[in-house]
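Structure first, then comments.
The values are calculated or read from the model by the stated rules, or taken from the named source; none is laboratory data. Because the structure is a prediction, the values reported are computed rather than measured. For neighbour counting, all protein chains shown are included, and Cβ atoms are generated from backbone atoms with ideal geometry for every residue, glycine included. The accessibility values were calculated without ligands, DNA or RNA, using every heavy atom of the protein model including side chains. Shrake-Rupley method; radii C 1.70, N 1.55, O 1.52, S 1.80 Å.
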Amino acid sequence: MDYRIGIGFDIHRLVEGRPLVIGGTGIPYVKGLLGHSDADVLLHAVCDAILGAASLGDIGELFPDTDPAFLGIASTVLLEETMKLVRNKGYRVNNLDTVVIAQEPSLAPFKKGIRTRIAALLAVSVDAVSIKAKTHDSLDSIGRKEAIAAYAAVTLVREV
Ligand code: MG
């Protein structure tokens, strides 16, 4: 089998006056993530993991934050575009593992919904998607609730 592994990382600043969107899911919180798009830190890490596995570059090259076309865009659209590129190259997602690091809010109530949402976007079963949520043990910027970060690891497999 032709497997390809990819990793992705992202971090965004938490600010007042923005909705918090993680894994294509709105999360009630007093702050949201700052960015050119909806700043969905988890989906950005997932896109980069997938792009990396397929050697297709990175999210900043494909969807530059200087391009007005991507201003305020839902990152679910960026993931859909990423999946089109990967399919065109002859790959599908085998499985995805992720870590979201947020001191607040607790993501535990949302993990199941995020899994389901991402599995649908990747066209895989829910069993092929893992979402792990951690705090930063009150250390550094994430621990001070100034930012949220995410890691993703993916395997792709060649179709037929
Ligand atoms: Mg980002």
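Which links in Lys89/Lys145; Lys31/Lys111; Lys89/Lys134 stretch past 28 Å when you go from one Cα to the other?
Working: Lys89/Lys145 39 Å; Lys31/Lys111 19 Å; Lys89/Lys134 34 Å.
Table pairs above 28 Å Cα-Cα are Lys89/Lys145; Lys89/Lys134.
Have a look at the chain and give its Rg and Dmax from the Cα atoms, expressed in angstrom.
When restricted to the Cα atoms of the chain, Rg and Dmax are 15.0, 48 Å.
At 1.4 Å probe size, with the rest of the protein present, what percent of the exposed accessible area of the stretch 1-103 is carbon and sulfur atoms? Write out the running numbers ahead of the final one.
Working: 2620 of 4740 Å².
Roughly 55 percent, rounded to a whole number.
Assigning unit charges at the beta carbon (Lys, Arg +1; Asp, Glu -1) and nothing else, what dipole magnitude in debye, to the nearest 20, does the chain show about its Cα centre?
Dipole about the Cα centre, nearest 20: 480 debye.
Quick one: length gained pulling Val30 to Glu80 fully straight, 0.36 nm per residue minus the C-alpha distance? Walk me through the numbers on the way to the answer.
Numbers: separation 50, 0.36 × 50 = 18.00 nm, distance 2.85 nm.
Roughly 15.1 nm would be gained on extension.
Give me the number: length gained by fully extending Tyr3 to Val15, i.e. 0.36 nm times residue separation minus the C-alpha to C-alpha distance, one decimal in nm. Provide the component values of the computation, followed by the final result.
Values: separation 12, 0.36 × 12 = 4.32 nm, distance 3.90 nm.
Going from the current span to full extension adds 0.4 nm.
Which residue, Val157, Ser75, His44, has the largest displacement toward the positive end of the dipole of the stretch 44-160 when charges sit on each Cβ (Lys, Arg +1; Asp, Glu -1)?
Val157
Under a 5 Å amide H to amide H cut-off, with H placed in plane at 1.01 Å, what residues pair with Ile73 once short-range neighbours are removed?
Amide H neighbours of Ile73, under 5 Å, 5+ apart: Asp38.
What whole number of Å gives the distance from the Cα centroid of the stretch 1-72 to the Cα centroid of the stretch 74-114?
When both Cα centres are located, 9 Å separates them.
If you project the alpha carbons of the stretch 40-131 onto the principal axes, what extent comes out on each, in Å, largest first?
33, 30, 17
Could you give the accessible area per residue of the stretch 46-137, probe 1.4 Å, as a whole number in Å²?
Details: 4460 Å² over 92 residues.
Spelled out: the 1.4 Å probe surface of the stretch 46-137, per residue, equals 48 Å².
Report the longest stretch of the chain that contains none of the trypsin sites (Lys or Arg not before Pro) sitting in a DSSP loop with at most 15 other Cβ atoms within 10 Å.
On the way: sites that count: Lys89, Arg144.
Longest gap between qualifying sites, sites excluded: 1-88.
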